[in-house]
Ligand SMILES: Nc1ncnc2c1ncn2[C@@H]1O[C@H](COP(=O)(O)OP(=O)(O)OP(=O)(O)O)[C@@H](O)[C@H]1O
Ligand SMILES: [Mg+2]
């Protein structure tokens, strides 16, 4: 083992700890309602679908769980329906 | 193009032998070779592939959601941030294994076949429903074993199931099986504490896909959430996985012999450890 190796070889352990802390905090918080995101998505889509036709295949849901905040992004493609035609 | 795709189960019977590590590493290696790859976590209730692949923060939906129709497949797929052609379909953390049905899994696999060249199914340990469903639709199997008696025995059992319980076996079609020996410890092999590669091969009688040495590099890579072929491509373990992927792609790559002898220092330490 080189000297450099000796000093740097454990660098990955703190990364593992940080990743786990964030993940477990979220998993514990959600233990009562694991399907929260699914429910949110469903209800948001339902509201939008009342006003605009949407294709469920064109809905992209992205979540990023952070230490301080998480972001939930729901991209919904709304087709431009030519008014009056068809 | 649907029929060009391959469904590959990574299975073992015994737990903790390296299925998840191997699924992620082979998946990454195949994707790095330009293949379109999805790795599917079948370990319902105990998902871990997301952690090993560094995608744990981005899981929204999972295999069970797709099987039960709560989410569309594209919503559950997580695209790797480093390798464009690599995706993950996570397992559910909250349901149990009965949440999967054979028809549901069949439907998801068919849909995946339309999108990917390789569908890698990371099997849970054991021989129950989850493991059966992971292998059910496989075109080929990677049997992961460690060179020790209980692992080899369980592998033999799993090979028997691959030959009887898969759809291919029932249809009388051939199912390719490959042996991946992992956690191979050169020191213990030199001291005669571990089964020899030849012995394992003779007992199991399926072709060898590769030998992955026991290495702290593997642990480091999983700490970082990065498959080792990406995190440390020059390491012995990464090279073993990269070579294995090339063999799966039909290249004729000789399996390099496992390290036989060790340097003086490690031999000294190895002896000490054994004597202690
Ligand atoms: N070549 C290796 N060298 C060192 N450690 C390894 C190696 N392969 C796997 N491991 C470690 O062994 C442990 C089990 O590996 P892994 O989770 O891949 O096994 P598994 O077969 O998927 O387990 P399970 O049956 O629980 O699903 C992990 O801590 C992993 O980091
Ligand atoms: Mg596993």
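Any read-out appearing in this document is the output of simple, stated calculations on the displayed coordinates, not a laboratory observation. The shown structure was predicted, so the numbers you read here are calculated from the model rather than taken from an experiment. With ideal geometry, Cβ positions are generated from the backbone for all residues, glycine too; neighbour counts draw on all protein chains shown.
Pick from B:76, B:131, B:190 the residue whose mean-square fluctuation is largest in a GNM of chain B, springs joining Cα atoms under 10 Å. The residue that fluctuates most here is B:190.
Rounded to two decimals, the Cα-based Rg/Rh of the range B:167-260, with Kirkwood Rh, is 1.03.
Here the residues B:182, B:229, ranked from fewest to most Cβ neighbours within 10 Å of their Cβ, fall in the order B:182, B:229. Here the sum of -39500 (n - 2.57) over DSSP H runs of 4 or more residues, divided by the residues of chain B, equals -11500 deg cm²/dmol at 222 nm, to the nearest 500.
Remark: relative contact order (chain B) = 23 percent; criterion is Cα-Cα distance under 8 angstrom and separation of 6 or more residues.
Taking max minus min of the alpha-carbon positions on each principal axis, the range B:144-216 gives extents of 45, 20, 18 Å, largest first. Kindly state, to the nearest 0.05, the FRET efficiency for residue B:251 paired with residue A:69, given R0 = 35 Å and r defined as their beta-carbon distance. After rounding to 0.05, the efficiency reads 0.15.
In terms of other Cβ atoms within 10 Å, B:202, B:56 run from fewest to most in the order B:202, B:56.
Computed over all pairs of different Cα atoms, the Kirkwood value for the hydrodynamic radius of chain B is 18.9 Å. When a/c reaches 1.5 or more, the comparison of a/b and b/c decides; with that in mind, is the range B:1-94 rounded, prolate or oblate per its Cα gyration tensor? Rounded shape, in that the Cα axes give a/c under 1.5.
The angle between the Cα long axis of helix B:264-275 and the main principal axis of chain B comes to about 80°, on a 0 to 90 degree scale.
Comparing Cα centroids, the range B:15-42 and the range B:201-229 end up 11 angstrom apart. The translational diffusion coefficient of the protein assembly as shown, from Stokes-Einstein at 37 °C and 0.692 mPa s with a Kirkwood hydrodynamic radius over alpha carbon pairs, comes to 150 µm²/s.
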